[in-house]
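Right, one structure below, let's go through it.
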Amino acid sequence: TLARDERWLDIEGGIRKRHPHGTRVNLDIAPWAGVDVVGSGLHLPFADASFSAMWNEAVLEHVRDPVAVMREMYRVLRPGGWAYVEVPFLQHFHAWPNDYQRWTLEGLSVFAKECGDWTIEDAGVCVGPCSALTALWADWVELWFWWGGRRTLISDLARLLVLVPLFPLKYFDLLLARHPRAHEVASGLYLLLRKPPATD
């Protein structure tokens, strides 16, 4: 929990509000309601060591150069600061405005270490295997009802008819997400990172 005088950055946070403590700065590429700064994670418009914490949820798959984003995060984070990063693994293509990559837990950890002197404090599943199965099954069914390569009302209804009865299955993620192999079939993964404290 951040003290009220500390600043934290939410990259591509949209209209969502997070972290009731600390001073929140919400950066997004579009001027949504609740966005404080319009800009890109590729070139964060902040001075070095400006923030005590950062939140980066479902952003890295949408940028052409995720290494640049992670290095920018490292640059504007204070020594000893924390960063939360969340990425998809088994998820369908979802462009906003583009969708470029997916990560395994091992790949994400190696990627983070190559982008700065990060310490990985925690890593694991944030969206579990049951959510992955439910969404992918609905996507598969929906494909059969696309006509001319386009979504239709019927394809949307077909997806809904799968999602509604399977929705309770997601609650089993409360159990399965802790399984030691859950990351192998998870929908989403996370890292909790820390920038090394300053040394005297």
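The values are calculated or read from the model by the stated rules, or taken from the named source; none is laboratory data. If you're wondering where the values come from, they're calculated on a predicted model, not measured in any experiment. Every residue, glycine among them, receives a Cβ derived from its backbone with ideal geometry; neighbour counts consider all protein chains shown. Note: accessible area is taken over every heavy atom of the protein model, side chains too, but ligands, DNA and RNA are not part of it. Shrake-Rupley method; radii C 1.70, N 1.55, O 1.52, S 1.80 Å.
General observations
- Counting only whole DSSP H helices of the chain, there are none at least 27 Å long by C-alpha along their axis and with mean Kyte-Doolittle hydropathy no lower than 0.0.
- Based on C-alpha pairs under 8 angstrom that are at least 6 apart in sequence, the chain has a relative contact order of 22 percent.
- Accessible-area rank, largest first, for Trp147, Trp137, Trp8: Trp147, Trp137, Trp8, with all protein chains present and a 1.4 angstrom probe.
- Peptides 123-131, 34-42, ordered by how many other C-beta atoms sit within 10 Å of their residues on average, highest first, read 123-131, 34-42.
- Accessible surface of segment 82-167, 1.4 Å probe, proportion on carbon and sulfur as whole %: 67
- Helical content of the chain, expressed as a calculated mean residue ellipticity at 222 nm, amounts to -8000 deg cm²/dmol (DSSP H runs of 4 or more residues, -39,500 (n - 2.57) each, divided by residue number, nearest 500).
- When the chain is treated as a GNM with alpha-carbon contacts under 10 Å, the residue of Trp146, Trp103, Trp55 showing the greatest mean-square fluctuation is Trp146.
- log₁₀ of I(q)/I(0) at q = 0.28, 0.30 Å⁻¹ - segment 86-142, Debye sum with one point per alpha carbon: -1.20, -1.25
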